[in-house]
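Peer 1: Mind looking over this structure? Questions follow.
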Amino acid sequence: MKIYNNFEQFVTERLHSNIKEALILEGGAAGHMAHPFDDKSLTFADFKALIEAGLSGELNFEEDATEKTDGQNVFATIQNGEVKFARNKGELITPMDLQTFKQKFDGHASAMVEETFKFAAEDLANALIKLPAKVQQEVFENGLNWMNMELIYSKNPNVIYYDRDIIQFHGIKKTDGNGNIIGEDSKPASVIAKALESVKANVGKTFTIIPPQIIKLGKDLNFEENKNKFIKKVEALRDRYNLTDADEVSRYHEMWWRETIDSNFPDLTQDHKEGLLLRWAYGDKKTLNLRSLDKDLGKEKASLIKKFDKEDVKKKYKENIRPFEDLFLELGSIILKNASNFVAASPDAEMQRLHNQIRTEAKKIKKGGSIDQIQKVEAELARLERIGGIDSIMPTEGIVFVYKGKTFKLTGTFAAINQLMGIIKYGR
């Protein structure tokens, strides 16, 4: 075992060992972590590779798979020798010191949310400042770079109950100084968390700082059967438009939207069809200005397109993505059944609690809820059934892994139970 002369040497060497960076192209503070079905640049061959690797328990393509936990997000940096905080893009530009950040949550509607952020900020301020000045500068670049982390407070649970008070580091987000995230580096999350532990600075008054929770994945007991099932689903989607494994999934979505446009508006010129394709399949609202349609097509025909744009496009998008979404949510639920080492202190007990809660509360709403609530609950229960059923619910939000330099998540049943809990708690 190597002997280090000092703490600074220990941290610095680990920060420089096999650093892996990946550009991210999404805005916002935390950024959106994509499911594989969200990334239209993946190919059908990529989907097959992810299926086989996931069912084999080998999602460690470029680094260990980690747990996606169900907590509250916050960012911290060190600027001019002081720990500062942010929750959104504006605060990344003008970060808040400890006192200002705590004041942000004064009188919050939820006393437990207020405690979560205030107590965590205090513990972080006391811990991060103990890093050597050289390490502070290298990691945070005087406020340009931010540690992205999740706060899990036992008194303030979301869907999953963890029975622990922890701050889980996820990695460094790099900004351009104008609040835009231009890159990320997962390496410092483990290095800094372990470095703080080595000097006993990881345990605060309320929270314990931990690195990303590495998930242990096992091979599925029904590997061949499930592999063949999911591969056939991918191939059925691929073959619908005579595509190949080498084709990007975007080709499927483009063909699907062309089919939808031709079916609903067969008499349009090709130029107008292409404009609608760009608008509805790719989100390009500039190429075709809907206001110009009155003059081009006449008010009656133009009004039908505008009505479709306003009322039907979102429904059609869901219809378009649903087979891919169901495929990967079901795959995720199976992979998670073969996973262990969750953050939840008592995963078996938490799993049973979730099962019982969903069954009990859904039954209450179906018996005494409004028609709107009942319809929403039945829709989410149907989705839950398609992707594995209540018995497949696990005490975690999901798995995070890196594939081809991009960070993805597999969440299994979490999206459905999150929606169900929203209906149960808030009626929405």
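The values are calculated or read from the model by the stated rules, or taken from the named source; none is laboratory data. Just so it is clear, the model here is predicted, and its values are computed rather than measured. Here the Cβ is made from the backbone with ideal geometry for all residues, glycine too, and neighbour counts use every protein chain on show.
Peer 1: Taking region 55-76, which residues are closer than 30 Å to Gln99 by Cα and polar (S, T, N, Q)?
Peer 2: If the condition is that a residue be closer than 30 Å to Gln99 by Cα and polar (S, T, N, Q), then Thr69, Gln72, Asn73 are the ones that fit.
Peer 1: Quick check on region 308-325. Is at least one of its residues crowded, with 16+ Cβ neighbours inside 10 Å, polar (S, T, N, Q), in contact with a helix residue (DSSP H, G or I) (Cβ under 8 Å, 6 or more places away or on another chain) and at pLDDT 95 or above?
Peer 2: yes
Peer 1: Name the pairs: first residue in region 54-72 and under 27 Å from Met112 (Cα atoms) and in the same structural domain as Arg87 (by TED's automatic domain parsing), second residue assigned to a helix (DSSP H, G or I) and of a type in the set (Val, Ile, Thr), Cβ to Cβ under 8 Å, at least 6 apart or on different chains?
Peer 2: Correct list of pairs: Gln72/Val113; Gln72/Thr116.
Peer 1: For region 143-180, give me the residue count where each residue is among the acidic types (Asp, Glu) and touching a Leu at 6+ places or on another chain (Cβ under 9 Å).
Peer 2: Going through region 143-180 one residue at a time, the tally reaches 2.
Peer 1: Here's a follow-up. What do you reckon, is Ile214 under 27 Å from Val400 (Cβ atoms), surrounded by fewer than 17 Cβ atoms within 10 Å (Cβ to Cβ), out of contact with any strand residue (DSSP E or B) (no Cβ under 6 Å at 6 or more places or on another chain) and not hydroxyl-bearing (Ser, Thr, Tyr)?
Peer 2: no
Peer 1: Residue pairs, Cβ under 6 Å, 6 or more apart or interchain, first in region 121-147 and small (Gly, Ala, Ser), second assigned to a loop (DSSP other than H, G, I, E, B). List them.
Peer 2: Ala127/Ala201
Peer 1: Moving on to the next point. Quick check on my filter: what residues within region 251-288 are of a type outside the set (Asp, Glu) and more than 33 Å from the chain's Cα centre (by Cα)?
Peer 2: The answer is Ser263, Asn264, Phe265, Pro266, Leu268, Thr269, Gln270, His272, Lys273.
Peer 1: Let me ask you something else. Could you pull out the residue among Lys219, Lys205 that is charged (D, E, K, R), over 29 Å from Phe37 (Cβ atoms), in contact (Cβ under 8 Å) with a residue 60 or more places away in the chain and surrounded by fewer than 19 Cβ atoms within 10 Å (Cβ to Cβ)?
Peer 2: Exactly one residue qualifies, and that residue is Lys205.
Rundown of residues vs (1) in a loop (DSSP other than H, G, I, E, B); (2) over 30 Å from Arg383 (Cα atoms); (3) out of contact with any Lys or Arg (no Cβ under 7 Å at 6 or more places or on another chain), yes/no style:
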position	(1), (2), (3)
Leu243	yes, no, no
Leu277	no, no, no
Ser303	no, yes, yes
Glu325	no, no, yes
Ile335	no, no, yes
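Peer 1: Got at least one residue in region 332-344 being modelled with pLDDT of 95 or more, among the aromatic types (Phe, Trp, Tyr) and crowded, with 16+ Cβ neighbours inside 10 Å?
Peer 2: No, because not a single residue in region 332-344 is modelled with pLDDT of 95 or more, among the aromatic types (Phe, Trp, Tyr) and crowded, with 16+ Cβ neighbours inside 10 Å.
Peer 1: Consider Ile358 carefully, then state whether it is buried (at least 19 other Cβ atoms within 10 Å of the Cβ), of a type in the set (Val, Ile, Thr) and over 16 Å from Gly332 (Cβ atoms).
Peer 2: yes
Peer 1: In addition: Mind listing whichever residues of region 87-102 are acidic (Asp, Glu) and buried (at least 18 other Cβ atoms within 10 Å of the Cβ)?
Peer 2: Listed by number, the list holds a single entry, Glu91.
Peer 1: So which residues in region 309-325 are in contact (Cβ under 8 Å) with a residue 40 or more places away in the chain and touching a Leu at 6+ places or on another chain (Cβ under 9 Å)?
Peer 2: Pro323, Phe324, listed by residue number.
Peer 1: Among the residues of region 47-69, write down those that are crowded, with 18+ Cβ neighbours inside 10 Å and part of a helix (DSSP H, G or I).
Peer 2: Matches in region 47-69: Phe47, Leu50, Ile51, Ala53, Gly54, Leu55.
Peer 1: Additional query: I'd like to check something: does region 283-299 contain any residue that is assigned to a helix (DSSP H, G or I), touching a helix residue (DSSP H, G or I) at 6+ places or on another chain (Cβ under 7 Å), without any contact (Cβ under 8 Å) to a residue 12 or more places away in the chain and closer than 30 Å to Asp267 by Cα?
Peer 2: Within region 283-299 (the criterion being assigned to a helix (DSSP H, G or I), touching a helix residue (DSSP H, G or I) at 6+ places or on another chain (Cβ under 7 Å), without any contact (Cβ under 8 Å) to a residue 12 or more places away in the chain and closer than 30 Å to Asp267 by Cα), the answer is yes, since at least one residue qualifies.
Peer 1: How many of the residues in region 144-171 are at pLDDT 95 or above and over 30 Å from Ala109 (Cβ atoms)?
Peer 2: Qualifying residue count for the region: 2.
Peer 1: Which of the residues belonging to region 167-212 are part of a loop (DSSP other than H, G, I, E, B) and within 16 Å of Trp146 (Cα to Cα)?
Peer 2: Asp176, Gly177, Asn178, Gly179, Asn180, Ser186, Pro211, Pro212
Peer 1: Looking for whichever is in a helix (DSSP H, G or I), within 26 Å of Thr69 (Cβ to Cβ) and modelled with pLDDT under 95 here; the options are Ala379, Ala362. Which one fits?
Peer 2: Residue meeting the stated conditions: Ala362.
Peer 1: Can you tell which of Ile424, Ile390, Ile417 is aliphatic (A, V, I, L, M) and more than 19 Å from Ser333 (Cβ to Cβ)?
Peer 2: None of the others qualify; the one that does is Ile424.
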